[in-house]
Amino acid sequence: MTKIGLEIHCQLTELQSKLFCSCKANYREFEPNHNICPVCMGLPGSLPRLNQKAVESATSIAMALSCETPEKIAFFRKNYFYPDLPKNFQITQLNVYGDMSIGGEGYVDVEGKKIKIRRIQLEEDPGRLIYEGESERTKITLVDYNRAGTPLVEIVTDPDFENPRQVRVFLNILSDLLENLGVSEPGLEGAMRADGNVSIEGGNKVEIKNIGSFHDLEKALHFEITRQESLSERDIEIVQETRHWDDRRKITVSSRSKEEDQDYRYFLENDIPWVKIDQETITLLQKDMPESISSKKERFVEKFDIAPQVADILASDKYYSDLFENAHSNSNAKDIANLITTDLMGLVDTKEKREESKLTSQHLSELITAINDKTLTRTSSKTALQEIVKSGKSVKELLTEMDLSQVSDSSEIENIIIQVFEEEKQAVLDAKENPETVNYLVGKVMQKTKGKADPTKTLELIKSKLS
Amino acid sequence: MNLKTSIIDYINDVKSGAFTVEEFTSATIQRIKDVDGDVHAYLSLNESAINDARIIDKKISAGEKVGVCYGFPISIKDNICITGSKTTCASKMLENFVAPYTATVVDKLQSEDAIITGKTNLDEFAMGLTTEFSAYGPTKNPWNLKYVPGGSSGGSAASVAADECLASLGSDTGGSVRNPASFCSVVGLKPTYGLISRYGLISYANSIEQIGPVTKTVKDCGFLLNVIAGQDSNDDTTIDNENSDYLIDIEQGIEGKKIGIIKEMTSEGLSPEVSDATKNAIQDFEKLGAHCEEVSLPTIPYTVAAYYTITSTEAGSNLARYDNIRYGYDLDSEGYEYNSYISKSRAKFGPEVTRRIILGGFVPSAGHAGKYFLKALKVKSKLISEVNNAFEKYDFLISPTAPVQPFQFGEKIDDPVTLMLLDYNTVTANLTGKPAISVPYRVTDGLPIGMQIIGNNKSEKSLLRAAYALESKTELPEVPL
């Protein structure tokens, strides 16, 4: 049986500052090496100051993943030389002398299967290396330390996945969960990274590193399973090793470098005293813990009679569920849910679009009111929604400015029907013979009114005119 | 104007108008010019010292508020950072390192109007006991220039002993303040771990080291502690000292106190001179009304080994950052691959630092940690419980600070193990986090001997009382320089 385990790194992007200094956790907006200080640069004489909020965020994650949380935690030094590591050691956590990392022994339910979370640890992200230069001769390595010291949570699972698809489902669940907790924005570039390990029946464990995206992770896992199976079929031993994902060739490559069997000489980081996580903190965190995605979904379905698929979309995406929760009153909840999942989704499906969007939950409730009292047709509401996202204007403003109000005045519609009957003589004949085709004429009327004609009334009028 | 004054007397003189801050500062700088060519206590001088003095004089004459230090001159060990000045750790590795920030202790001194005279010499990265491992040449003992001043804060102790300042800040990882204080006949304190902020002190073995004052008198030590001790938001390991005043009741005496004479530090390995001085000191304590008796701490014979194992492990990690990529000295990285560049750049470390980095790579490594590093940690915790037990019974523990008097240059430098044993009496305070002070006790054959008093955690107030009491029993000659 194939066994897959994961090691996920997730930045706590929603924190104000880095793990051990007051530089910004959001390093992305800075010029290279402009979000640094003596502490995150590891200058001689500087000392780490632990960001207590990071301990709380990481503990929330542990709690949301049903982990056990210890009463106190310690930090360790992982010693290795690498140019992106200012101190040439990383401050991280370790579970050796008892359980001292921020959480462990948790699980996530993936389609009925329990994926065990072995441990969660809080650590600092290193800086970033940027390679420049075309040829081997002109190649240079640049180091940007803006990221160094960003709070990072490492989540390690047991090898409980049976196939890459389960991995994908798990990562989606995890990424939604982190976003819902308000501790991370997994959509940000580099905010969530995952390495995997694979073993097949009778074979050794192979770790895969250097995977750029979740998409590549799935590919890498597929490749690795196939590679191991074909070795096994030919009775070749699968050696325990670390392989790198070659993004260009889409294969895994054995990394022979000694780097991989390094001895990290872990020992206690004595500059950070033990951190007590008392019951009071846990209670407070529990109190502030947002409703879980699954309970949200359940509530949407039961309370508002929203279809399970729709509720799933809303609940899993914090952006949608926040919009929804703020927009609806009990009576229009279902309509707003549908409006979000049918019309709005395409307009705000990326982080960039969401950032640019001027839409508020107020707009959504205004729109539904306008549709329900027939000032606006469903078709026009789509146009209106596009405009709202762009300009942020109120529904009332748009109704007058864009001439979107529904036409339900019979004489006005009748005039247009006369025009359409003139232009579409054949269709009129067809409709008389076969009433099924009448929708074509309705469509033409809607086209001419840019969707503003009241569809029910139009159908009525056309039918009476035909007979 | 007498440069042999104490901080306390200096402040009274300045307040009474006996001399100006500028006059005293100029005289101090002149003294440095006169003697430091021989002593070599300083690695660099503060060029703006006279200017700083004038500013304080102006404040005094204008009747403005003046900081409690009134411009007394103090030197700083060159492993403590001051904005804009070179902090070399007496290493070629940091030849051009200019700190972009100031250590908390220096910050506190400056905001109380102390004048920094300059940065003092040390064994490279504070690893050594003689300053012979400084990459910029050794400091000489002001009592006899052929003799070592002790280390690693040898420059600090020598600068105070030679009247090149009134006080100094050193750092003490295994005796580095107390040992040179003893060798140069000045007062040196290693405070309770966490009492003084380490922010800005370049780490050697961060779990046990502290910045400590080096002064001419015990009262001056209390005065300095008042200025520099206390919790610091830049150092998570600092402890609350409840704004203690370390000078209050310092003259109270030690009548009725119980003193444990540490058997393992006083029986074997002492030179006859040190042994004799120790016996005398015990009699003095008795005369002061204290009850002395021998106490055995059986773990002590293992402490030096544990100390070097732990400090090497931490040093290996703390010194890993010196790859010359972000700061350091001139060495172009052009054409090097990363690993070959750091091998090349790190070759600038001197022999003792290199030895400890190599040790530090070995003792905590997989397959060896159980035999060395983890065992050393066990010794440490056993020692802590032993010493804590002793403090259930005794107010103080005493020993000579060093088992021998100062020795000549070159005498022991090629014998690392003998050198390491010089730490025998001092490492216990570091491994247990307890405060310990070295008090000048005697000068025999022209060479000083210091006594060590160890107190319980955060007991600096009573420790200074005991030190003051012992100090009052001594009559010491002036330094012949």
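Couple of notes before you dig in:
Residues checked against (1) under 30 Å from A:Leu364 (Cα atoms); (2) surrounded by 14 or more Cβ atoms within 10 Å (Cβ to Cβ):
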residue: A:Thr377; (1), (2): yes, yes
residue: A:Lys390; (1), (2): yes, no
residue: A:Val395; (1), (2): yes, yes
residue: A:Ile413; (1), (2): yes, yes
residue: A:Val420; (1), (2): no, yes
residue: A:Glu423; (1), (2): no, no
residue: A:Lys457; (1), (2): yes, yes
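- The set of residues in the stretch A:26-49 being buried (at least 23 other Cβ atoms within 10 Å of the Cβ) and farther than 26 Å from B:Ser197 by Cα consists of A:Tyr27 alone.
- If you go through the stretch B:305-320 and keep only what is under 30 Å from B:Lys263 (Cα atoms), crowded, with 22+ Cβ neighbours inside 10 Å and of a type in the set (A, V, I, L, M, F, W, C), you end up with B:Ala306, B:Ile310.
- If you go through the stretch B:67-105 and pick out every residue that is among the basic types (Lys, Arg) and under 24 Å from B:Ala162 (Cα atoms), you end up with 2.
- When we screen B:Ala126, B:Ala162 for residues that are among the small types (Gly, Ala, Ser) and farther than 18 Å from B:Val105 by Cβ, the only hit is B:Ala162.
- Filter result for the condition that a residue is within 14 Å of chain A (Cβ to nearest Cβ) and either closer than 24 Å to B:Lys33 by Cα or in a strand (DSSP E or B) (or both), over B:Gly71, B:Gly84: B:Gly84
- Of all residues in the stretch B:88-101, those satisfying the criterion of being assigned to a loop (DSSP other than H, G, I, E, B), more than 7 Å from every other protein chain (Cβ to nearest Cβ) and either touching a Gly at 6+ places or on another chain (Cβ under 8 Å) or farther than 18 Å from A:Pro38 by Cβ (or both) are B:Ala90, B:Ser91, B:Glu95, B:Asn96.
- Taking the stretch A:126-163 as the range and being of a type in the set (S, T, N, Q) and either outside any strand (DSSP E or B) or within 27 Å of A:Ser57 (Cβ to Cβ) (or both) as the test, the residues that pass are A:Ser135, A:Thr138, A:Asn146, A:Thr150, A:Thr157, A:Asn163.
- Condition broken by B:Ser381, with the remaining ones in (1) hydroxyl-bearing (Ser, Thr, Tyr); (2) under 25 Å from B:Ile202 (Cβ atoms); (3) within 13 Å of chain A (Cβ to nearest Cβ) satisfied: (2)
- Within the stretch B:160-210, the residues that satisfy the criterion of being among the aromatic types (Phe, Trp, Tyr) and either within 26 Å of A:Ser46 (Cβ to Cβ) or within 14 Å of chain A (Cβ to nearest Cβ) (or both) are B:Tyr193, B:Tyr199, B:Tyr204.
- In the set A:Ser60, A:Ser66, only one residue is part of a loop (DSSP other than H, G, I, E, B) and closer than 28 Å to A:Leu284 by Cβ; that residue is A:Ser66.
- Qualifying residue in the stretch A:172-195 (condition: within 14 Å of another protein chain (Cβ to nearest Cβ) and on the phi > 0 side of the Ramachandran plot): no
- Cross-chain or 6+ apart pairs with Cβ under 8 Å, the stretch B:24-42 first and under 12 Å from B:Thr117 (Cα atoms), then charged (D, E, K, R) and assigned to a helix (DSSP H, G or I): B:Thr25/B:Asp52; B:Tyr42/B:Asp36
- The listed residue being free of Cβ contacts under 8 Å to residues at least 12 places away in the same chain and within 14 Å of chain B (Cβ to nearest Cβ), out of A:Phe75, A:Phe89, A:Phe81: A:Phe81
- Test: B:Asp323 is surrounded by fewer than 19 Cβ atoms within 10 Å (Cβ to Cβ) and touching a helix residue (DSSP H, G or I) at 6+ places or on another chain (Cβ under 8 Å): no
- Meets criteria (modelled with pLDDT of 95 or more, farther than 26 Å from B:Leu94 by Cα and either touching a Gly at 6+ places or on another chain (Cβ under 8 Å) or within 14 Å of chain B (Cβ to nearest Cβ) (or both)) for A:Thr69: no
- Each residue in the stretch A:8-20 was checked for being assigned to a loop (DSSP other than H, G, I, E, B), surrounded by fewer than 23 Cβ atoms within 10 Å (Cβ to Cβ) and within 14 Å of chain B (Cβ to nearest Cβ), and 0 of them qualify.
- Qualifying residue in the stretch B:340-356 (condition: under 22 Å from B:Ser152 (Cα atoms), in a helix (DSSP H, G or I), of a type in the set (Ser, Thr, Tyr) and more than 14 Å from chain A (Cβ to nearest Cβ)): yes
- Qualifying residue in the stretch A:26-41 (condition: touching a Gly at 6+ places or on another chain (Cβ under 6 Å), under 14 Å from A:Glu123 (Cβ atoms) and touching a residue at least 40 places away in the same chain (Cβ under 8 Å)): yes
- The stretch A:254-277 - residue that is exposed (fewer than 14 other Cβ atoms within 10 Å of the Cβ) and modelled with pLDDT of 90 or more and, of those, farthest from the other protein chains (Cβ to nearest Cβ): A:Lys276
- A single entry from B:Gly155, B:Gly151 fulfils the requirement of being in contact with a Leu (Cβ under 7 Å, 6 or more places away or on another chain) and either without any contact (Cβ under 8 Å) to a residue 40 or more places away in the chain or among the basic types (Lys, Arg) (or both): B:Gly151.
- Residues located in the stretch A:337-358, provided they are under 15 Å from A:Ala327 (Cβ atoms), in a loop (DSSP other than H, G, I, E, B) and at pLDDT below 85: A:Val348
- Within the stretch B:311-333, if we keep just the residues that are at the interface with chain A (Cβ under 9 Å from one of its Cβ atoms) and assigned to a loop (DSSP other than H, G, I, E, B), the residue that is modelled with the highest pLDDT turns out to be B:Tyr322.
- With respect to being more than 14 Å from chain A (Cβ to nearest Cβ), buried (at least 24 other Cβ atoms within 10 Å of the Cβ) and either touching a Leu at 6+ places or on another chain (Cβ under 7 Å) or not acidic (Asp, Glu) (or both), B:Pro213 fits the description.
- Checked against (1) at pLDDT 95 or above; (2) crowded, with 22+ Cβ neighbours inside 10 Å; (3) touching a Phe, Trp or Tyr at 6+ places or on another chain (Cβ under 8 Å), B:Tyr372 passes all but condition (2).
- Checklist (1) over 30 Å from A:Ile173 (Cβ atoms); (2) within 13 Å of chain B (Cβ to nearest Cβ) applied to A:Gln52, failing item: (1)
- Within this structure, A:Glu366 fails the test of being more than 41 Å from the chain's Cα centre (by Cα), surrounded by 14 or more Cβ atoms within 10 Å (Cβ to Cβ) and among the charged types (D, E, K, R).
- Among the residues of the stretch B:414-433, at least one is within 12 Å of chain A (Cβ to nearest Cβ), touching a Ser or Thr at 6+ places or on another chain (Cβ under 9 Å) and closer than 16 Å to B:Gly174 by Cβ.
The values are calculated or read from the model by the stated rules, or taken from the named source; none is laboratory data. This one's a predicted model, so the numbers in the text were calculated from it and none came from an experiment. Cβ coordinates were reconstructed from backbone atoms using ideal geometry, including for glycine residues, and neighbour counts include every protein chain displayed.
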